[in-house]
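Novice: Mind looking over this structure? Questions follow.
The values are calculated or read from the model by the stated rules, or taken from the named source; none is laboratory data. Since the model is a prediction, treat every value here as computed from it, not as a measurement. Please note: Cβ atoms are built from the backbone with ideal geometry, for glycine as well, and neighbour counts cover all protein chains shown. Note: areas computed on protein heavy atoms with side chains; ligands, DNA, RNA excluded. Shrake-Rupley method; radii C 1.70, N 1.55, O 1.52, S 1.80 Å.
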Amino acid sequence: MSDLEEFHRDFIAQIQGSADALGTYVQEAFFERVGEFLTEAGEVEQADYAHYRGTGEKGVNLQATGSGGDPANGDDILSLILCDFQLSEGVRSTNATDLKAQFKKLVEFLRHARKDSFRNALEETSLGAGLADMIATRWTRIAKIKLIFVTNSDNRATVDAMPAGSIAGKPVTYNVWDLKRLKAYAEQGKARAELTIRFAEEFGAGVPVLKASGSDAALESYIAVIPGRQLAAIYDVWGARLLESNVRSFLQAKGGVNKGIRKTILDEPHMFLSYNNGLAATADKVEVVRTEDGLLLMSADNLQIVNGGQTTASLHAAAKAAGRGMDDIFVQMKLSIVPAVLSESVVPLISEFANSQNKVNAADFFANHPFHVRIQELSRKILAPAGEHGYRETKWFYERARGQFADERGKLTDAKRKVWDAEYPKTQFFTKTDLAKFENTWRGRPDTVSQGAQKNFGAFAKSIEKVWGKNGDRIDDGWFRRLISKAIIFRKLERLVSAQEWYEGGYRANIVTYAIAKVAADAEALDKVVDLSQVWRAQDVPAVLQEALLVAAAEAQDAITSPPPGVRNMSEWAKNQACWEQFRKRKLSYPEDYSDLLIDPAEVQEETKVGRNDQKLTDDLTDQVRVFELGGPFWAKARAWGREKKLLNQTEFGVLGICAQMPKRLPTEGQIKVAIDALAKLEGEGFGQEETAA
């Protein structure tokens, strides 16, 4: 069985499992899964499920599965998504003829959505009606249409980001995510495998460059000055996929177009090069040719802008208003060639260091924040109780970077993989966007959660310094257990809502976040908090809490599907703070024993304090055991190595000398800590690596 066939089998099993667990159709479960990929990869800003299938005028087939949200919130780009998920034994293949038929259904839906007669015939509260209404309402301001086809087949036609004419004067592009591309993204985070910028062939001309690296440089690099109009045209085709993931998160957190950059574009385009800091970019490889006038950059594979995303987006947004002024705009670009094998480790560092020189806060580079590392460490060590329905302790796997789970599992033998699967059940896997969703829900921000995974993640990233504190002490075992309890509640309510008779279909994600936020807010109004320790111990949601959540969920559905007059798009209404404010003020009738769920916040604080003391004791004992187990000869060697490299201060040198005399002399508790810290420093400088390599 090939890797693609194995992925196909596992992927189908995952989608079926999600559909069974959530009580939804497999098509909706597929959309939810690939929607995460599309938003993370920057293909769309968000993914809103809005299924419609029917026939239109003259019997033409119409179909849409969802959208990329309101164009007013996304550079006036309308993104329509059509999913093709089929259960099959082997991997299906699709060709250009298949794609043409699929895109035609999406185009026809778009064409019909603009007609009053079509919209008036739809059920007013249906998802399809909401999507059609949004298209009609925003049509005059839509600048570009992106049609996205997602399939679990192996596509044999190359159409990604391909221009496809226009509809009523608005340019259209086709984008395809097939099984190979889904696999690459799921396992390695590679969303841009087919992103090749052909400057000369597709964007007017090659870019003059100067080579800025010597023959012995670690990375090949170039300095270029790229015309602003050409850069805007490239962004028009590839959009946010040009932006390295950290930068993309930053832009989504801040939103909007930089007013200062726009003012220069419109009023002083000839000064743009002088005023602007330019771009820092990376590429897997480039094609550079030598001409009579010097070097020309002809193409770049996987071009990623790691600094200057705001500049690029602003140039694209202001291009039409700038008119001929765009011809006077040039942007300096530093381009580093980072081979694919190094991109995962090197590109994020280039991004971080390049952006540390401007106003971008370190917290915006959330993927590299120590908060992430701490959560990952905790997820690998803390055992979750077996609970009422389990038979053994397990762990919750936190995926800090896309593909970690598949990568670590893939390195194991078949026998060890079975052990791994028992230790980390797939149902106990969560990502950083999941984490942000759970946390912001409990913080009373369901409207932000409803804006989509990436926007919510960006909003959470802005608060990370406050969560982390001075040294991250708050992010301890207790914090992790409460996080997992929130995850259990969220996922449980997703399944419960789908099974309720009152559930009308659609908006489940909004209903769930609103319901949990409401229960948490009502507890806070009583100066109480929900006792999450019960959830952790049982690894399940107590019955009375389920009842309370379902009371809130039924009311949340009513609040979301009953927008004020003039608002027809309920998905957009759920993203509005006014929706949350109205719902938050509602009086709900919870079960009589609802109060049994609530505890005083002081109890949580006391529990946290006790937990930290226990943790400190555990850490101290762990250090003590390690120092003794390593033994005197080891410490003598470390001391000599540190002295030779001049890495030890006087205190460290003395303490390591005491450790080297074990068992004749034994270090004190304080000296053990000094020894462990000194050893970490030496290992960071390479101590022990030579032996490992040998």
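Novice: Collect the residues in segment 670-691 that are farther than 13 Å from Ala638 by Cα, at pLDDT 85 or above and not hydrophobic (A, V, I, L, M, F, W, C), keeping them in residue-number order.
Specialist: Correct list: Gln671, Lys673.
Novice: Just the residues that are basic (Lys, Arg) and either in contact with a His (Cβ under 7 Å, 6 or more places away or on another chain) or closer than 17 Å to Arg643 by Cβ (or both), please, taken from segment 657-681.
Specialist: Lys681
Novice: What residue, among those in segment 13-26 that are surrounded by 18 or more Cβ atoms within 10 Å (Cβ to Cβ) and over 21 Å from Glu399 (Cα atoms), is modelled with the lowest pLDDT? If you could, list the steps in order and put the result at the bottom.
Specialist: Taking segment 13-26 as the starting set, the residues that turn out to be surrounded by 18 or more Cβ atoms within 10 Å (Cβ to Cβ) are 15, 18-19, 22, 24.
If we keep only those that are over 21 Å from Glu399 (Cα atoms) as well, we get 19, 22, 24.
Working: Ala19: 86, Leu22: 76, Thr24: 82.
Checked segment 13-26; the qualifying residue modelled with the lowest pLDDT is Leu22.
Novice: Considering each residue of segment 543-559, count those that are open to solvent by less than 30 Å² (accessible area, probe 1.4 Å) and farther than 12 Å from Ile516 by Cα, and give that number. Quick ask: steps written out before the conclusion?
Specialist: So the first thing to find is which residues in segment 543-559 are open to solvent by less than 30 Å² (accessible area, probe 1.4 Å), and the list is 544-545, 548-549, 552-553, 556-557, 559.
The next check asks that each one be farther than 12 Å from Ile516 by Cα; those that pass are 544, 557, 559.
Residues that pass the stated criteria total 3.
Novice: Is it the case, given these coordinates, that Glu524 is of a type in the set (D, E, K, R), outside any helix (DSSP H, G or I) and surrounded by fewer than 19 Cβ atoms within 10 Å (Cβ to Cβ)?
Specialist: Working: of a type in the set (D, E, K, R): yes; outside any helix (DSSP H, G or I): no; surrounded by fewer than 19 Cβ atoms within 10 Å (Cβ to Cβ): yes.
No; evaluated as a whole, the condition is false for this residue.
Novice: In segment 463-489, which residues are open to solvent by less than 10 Å² (accessible area, probe 1.4 Å), at pLDDT below 90 and out of contact with any His (no Cβ under 9 Å at 6 or more places or on another chain)? Quick ask: steps written out before the conclusion?
Specialist: The initial filter retains those residues of segment 463-489 that are open to solvent by less than 10 Å² (accessible area, probe 1.4 Å), namely 464, 472, 475, 480, 483-485, 487, 489.
Applying the additional criterion that residues be at pLDDT below 90 yields 464, 472, 475.
Answer for segment 463-489, where residues must be open to solvent by less than 10 Å² (accessible area, probe 1.4 Å), at pLDDT below 90 and out of contact with any His (no Cβ under 9 Å at 6 or more places or on another chain): Gly472, Ile475.
Novice: In segment 315-343, what residues are of a type in the set (S, T, N, Q) and within 23 Å of the chain's Cα centre (by Cα)? Spell out how you get there, then give the answer.
Specialist: Initially, segment 315-343 is screened for residues of a type in the set (S, T, N, Q), giving 332, 336, 343.
If the condition is that a residue be of a type in the set (S, T, N, Q) and within 23 Å of the chain's Cα centre (by Cα), then Ser343 is the only one that fits.
Novice: Regarding Ala72, is this residue open to solvent by 10 Å² or more (accessible area, probe 1.4 Å) and either touching a Phe, Trp or Tyr at 6+ places or on another chain (Cβ under 9 Å) or not in a strand (DSSP E or B) (or both)?
Specialist: On the way: open to solvent by 10 Å² or more (accessible area, probe 1.4 Å): yes; either touching a Phe, Trp or Tyr at 6+ places or on another chain (Cβ under 9 Å) or not in a strand (DSSP E or B) (or both): yes.
Considered against the rule, which asks whether it is open to solvent by 10 Å² or more (accessible area, probe 1.4 Å) and either touching a Phe, Trp or Tyr at 6+ places or on another chain (Cβ under 9 Å) or not in a strand (DSSP E or B) (or both), Ala72 comes out as yes.
Novice: If you don't mind, there's one more thing I want to ask. From the list Ala552, Ala578, Ala543, Ala574, exactly one residue is in contact (Cβ under 8 Å) with a residue 40 or more places away in the chain, assigned by the TED database to the domain that holds Ala520 and under 33 Å from the mean Cα position of the chain (by Cα). Which is it? Walk me through it before giving the result.
Specialist: Details: Ala552 fails: in contact (Cβ under 8 Å) with a residue 40 or more places away in the chain; Ala578 fails: in contact (Cβ under 8 Å) with a residue 40 or more places away in the chain; Ala543 fails: in contact (Cβ under 8 Å) with a residue 40 or more places away in the chain.
One residue alone meets the criteria, Ala574.
Novice: Which one of these is within 20 Å of Arg138 (Cα to Cα) and either modelled with pLDDT of 90 or more or hydroxyl-bearing (Ser, Thr, Tyr) (or both): Ser88, Ser67, Ser93?
Specialist: Working: Ser88 fails: within 20 Å of Arg138 (Cα to Cα); Ser93 fails: within 20 Å of Arg138 (Cα to Cα).
When all the criteria are applied, what remains is Ser67.
Novice: Among the residues of segment 583-590, is there at least one that is open to solvent by less than 50 Å² (accessible area, probe 1.4 Å), at pLDDT 90 or above, assigned to a loop (DSSP other than H, G, I, E, B) and among the charged types (D, E, K, R)?
Specialist: No; the residues of segment 583-590 include none that is open to solvent by less than 50 Å² (accessible area, probe 1.4 Å), at pLDDT 90 or above, assigned to a loop (DSSP other than H, G, I, E, B) and among the charged types (D, E, K, R).
Novice: Just to be sure, is Thr24 more than 21 Å from Pro425 (Cα to Cα), out of contact with any strand residue (DSSP E or B) (no Cβ under 8 Å at 6 or more places or on another chain) and assigned to a helix (DSSP H, G or I)?
Specialist: Details: more than 21 Å from Pro425 (Cα to Cα): yes; out of contact with any strand residue (DSSP E or B) (no Cβ under 8 Å at 6 or more places or on another chain): yes; assigned to a helix (DSSP H, G or I): no.
Against the criterion (more than 21 Å from Pro425 (Cα to Cα), out of contact with any strand residue (DSSP E or B) (no Cβ under 8 Å at 6 or more places or on another chain) and assigned to a helix (DSSP H, G or I)), Thr24 does not qualify.
Novice: Next up: From the residues in segment 416-433 that are charged (D, E, K, R) and surrounded by fewer than 19 Cβ atoms within 10 Å (Cβ to Cβ), which one is farthest from Ile484 (Cα to Cα)? Give the steps one after another, and end with the answer.
Specialist: Step one: of segment 416-433, the residues charged (D, E, K, R) are 416-418, 421, 423, 426, 432.
After this cut, where a residue has to be surrounded by fewer than 19 Cβ atoms within 10 Å (Cβ to Cβ) as well, the list is 416-418, 421, 423, 426.
Values: Lys416: 25, Arg417: 24, Lys418: 23, Asp421: 19, Glu423: 16, Lys426: 14 Å.
Restricting to residues being charged (D, E, K, R) and surrounded by fewer than 19 Cβ atoms within 10 Å (Cβ to Cβ), the top hit is Lys416.
Novice: Every residue in segment 75-114 that is among the β-branched types (Val, Ile, Thr), open to solvent by 10 Å² or more (accessible area, probe 1.4 Å) and closer than 22 Å to Glu124 by Cα, please.
Specialist: Listed by number, the list holds a single entry, Val107.
Novice: Condition first: in the same structural domain as Tyr590 (by the TED database), open to solvent by 30 Å² or more (accessible area, probe 1.4 Å) and closer than 30 Å to Arg568 by Cα. Can you find one or more residues in segment 454-462 that meet it? It would help to see each step written out before you state the result.
Specialist: Within segment 454-462, the subset in the same structural domain as Tyr590 (by the TED database) is 454-462.
Filter once more, keeping what is open to solvent by 30 Å² or more (accessible area, probe 1.4 Å): 455, 462.
Keeping just the survivors that are closer than 30 Å to Arg568 by Cα gives 455.
Yes: one or more hits.
Novice: Listed residues Ser498, Ser562, Ser571; which is more than 30 Å from Val373 (Cα to Cα) and open to solvent by 40 Å² or more (accessible area, probe 1.4 Å)?
Specialist: Details: Ser498 fails: open to solvent by 40 Å² or more (accessible area, probe 1.4 Å); Ser571 fails: open to solvent by 40 Å² or more (accessible area, probe 1.4 Å).
Residue meeting the stated conditions: Ser562.
Novice: Do we have any residue at all in segment 321-334 that's modelled with pLDDT of 85 or more, of a type in the set (Asp, Glu) and in a helix (DSSP H, G or I)?
Specialist: yes
Novice: Next question. Collect the residues in segment 387-415 that are of a type in the set (Ser, Thr, Tyr), farther than 21 Å from Ser485 by Cα and not in a loop (DSSP other than H, G, I, E, B), keeping them in residue-number order.
Specialist: Here is the first cut: in segment 387-415, the residues of a type in the set (Ser, Thr, Tyr) are 391, 394, 398, 413.
The next check asks that each one be farther than 21 Å from Ser485 by Cα; those that pass are 413.
Those that are of a type in the set (Ser, Thr, Tyr), farther than 21 Å from Ser485 by Cα and not in a loop (DSSP other than H, G, I, E, B): none in segment 387-415.
Novice: State which residue is modelled with the lowest pLDDT when the search covers only segment 384-414 and only residues that are more than 29 Å from Ala461 (Cβ to Cβ) and hydrophobic (A, V, I, L, M, F, W, C).
Specialist: Per the criteria, the residue is Leu412.
Novice: Oh, and also: Let me confirm something: among Lys418, Lys455, which residue is in a helix (DSSP H, G or I) and without any contact (Cβ under 8 Å) to a residue 40 or more places away in the chain? Break it down into steps so the answer makes sense when it comes.
Specialist: Numbers: Lys455 fails: without any contact (Cβ under 8 Å) to a residue 40 or more places away in the chain.
It is Lys418.
Novice: Do you know which residues across segment 138-147 are open to solvent by 10 Å² or more (accessible area, probe 1.4 Å), touching a residue at least 60 places away in the same chain (Cβ under 8 Å) and either assigned to a loop (DSSP other than H, G, I, E, B) or under 23 Å from Asn120 (Cα atoms) (or both)?
Specialist: Across segment 138-147, the qualifying residues are Arg138, Arg141, Ala143.
Novice: Condition test on Asn61, is it more than 30 Å from Ala232 (Cβ to Cβ), surrounded by 16 or more Cβ atoms within 10 Å (Cβ to Cβ) and touching a residue at least 40 places away in the same chain (Cβ under 8 Å)? Break it down into steps so the answer makes sense when it comes.
Specialist: Details: more than 30 Å from Ala232 (Cβ to Cβ): yes; surrounded by 16 or more Cβ atoms within 10 Å (Cβ to Cβ): no; touching a residue at least 40 places away in the same chain (Cβ under 8 Å): yes.
No, not satisfied.
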